[in-house]
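Here the structure is laid out as structure tokens; the discussion comes afterwards.
The values are calculated or read from the model by the stated rules, or taken from the named source; none is laboratory data. Only a predicted model underlies this, so the values are computations on that prediction, with no experimental measurement involved. Here Cβ is always computed from backbone atoms with ideal geometry, including for glycine, and neighbour counts include all displayed protein chains.
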Amino acid sequence: MSSVVTRAHPADRSAGCRRAIAHQQGYSLVDLLLVVALVGVIAGMAVPVTGSAVAGQRFKGSAQAVTQMVGLAKMRASATFTRARVRVNLDTNSFLLERWDKTANAWVAEGGSTWTAAGVTFGFAGLGQPPPNTQATIGLSPACRTGTTATSPVINNTACVIFNSRGLPVNGAGALFGGHALYLTDGIAVSATTVTATPRIRRWSSWVRAVNWREQL
């Protein structure tokens, strides 16, 4: 039996080769430009969201750092049987822990200063109402003094949360004071660390555009 061999016409073979070559050429320049444009649009949408999230985390970190240092000051006062305080520098947006040294008769720093994150400052951005059951009127804690009596000079542009040797909140003259508060804002939200006479340290947050204080656990 004889076999029949079918041969493709030269024109058909040429057309097939052209199709194979075209298929192997990959994406065209137009395709690549479309992909680049799509990636740019997605990135443009993602960057603002990511930036806002990072800023929010930085603000939260600064607020937590303030609350933690206030709690540490309370513990240090009780542990060392002397006064301890968180001293805020409103000019530099920094804060540090200080202890009253009875021998030196002066406030001494324990550790270095901590600065708030970029764009975060001490203040309450014009809010007119403090967190519930914390202060009669909204405001930062009283300014620090160089000593421990009412006649000690005031240190300008400061705010102090002070605890006596029993861990109770007091003012610069040593009298019991349950209206301490340190406020932070980034222009969008406000955070408050409050100390009542009980004494109870609490952290709050509210939007700048409307008073809506919520306790942060």
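The table that follows gives values for the structure above.
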read-out	value
Residues (modelled with pLDDT under 95 and either closer than 18 Å to Ser62 by Cα or in contact with a Lys or Arg (Cβ under 9 Å, 6 or more places away or on another chain) (or both)) located in the stretch 189-202	Pro199
Residue in the stretch 178-203 that is surrounded by the most Cβ atoms within 10 Å (Cβ to Cβ), counting only those that are charged (D, E, K, R) and in a strand (DSSP E or B)	Arg203
Selected residue (only one of Thr121, Thr116 is touching a helix residue (DSSP H, G or I) at 6+ places or on another chain (Cβ under 8 Å) and in contact (Cβ under 8 Å) with a residue 40 or more places away in the chain)	Thr116
Top-ranked residue of the stretch 68-84 - restricted to ones that are among the basic types (Lys, Arg) and touching a Phe, Trp or Tyr at 6+ places or on another chain (Cβ under 7 Å), ranked as farthest from Ala197 (Cα to Cα)	Arg83
Positions within the stretch 88-145 being surrounded by fewer than 17 Cβ atoms within 10 Å (Cβ to Cβ), polar (S, T, N, Q) and more than 19 Å from the chain's Cα centre (by Cα), in sequence order	Thr103, Asn105, Gln129, Asn133, Thr137
Positions within the stretch 159-177 being crowded, with 18+ Cβ neighbours inside 10 Å and among the hydrophobic types (A, V, I, L, M, F, W, C), in sequence order	Ala159, Cys160, Val161, Ile162, Phe163, Leu168, Val170, Phe177
Pairs, first more than 20 Å from Leu184 (Cα to Cα) and in contact (Cβ under 8 Å) with a residue 40 or more places away in the chain in the stretch 150-168, second exposed (fewer than 15 other Cβ atoms within 10 Å of the Cβ) and among the aromatic types (Phe, Trp, Tyr), C-beta under 9 Å, six or more apart	Ser165/Phe81; Arg166/Phe81
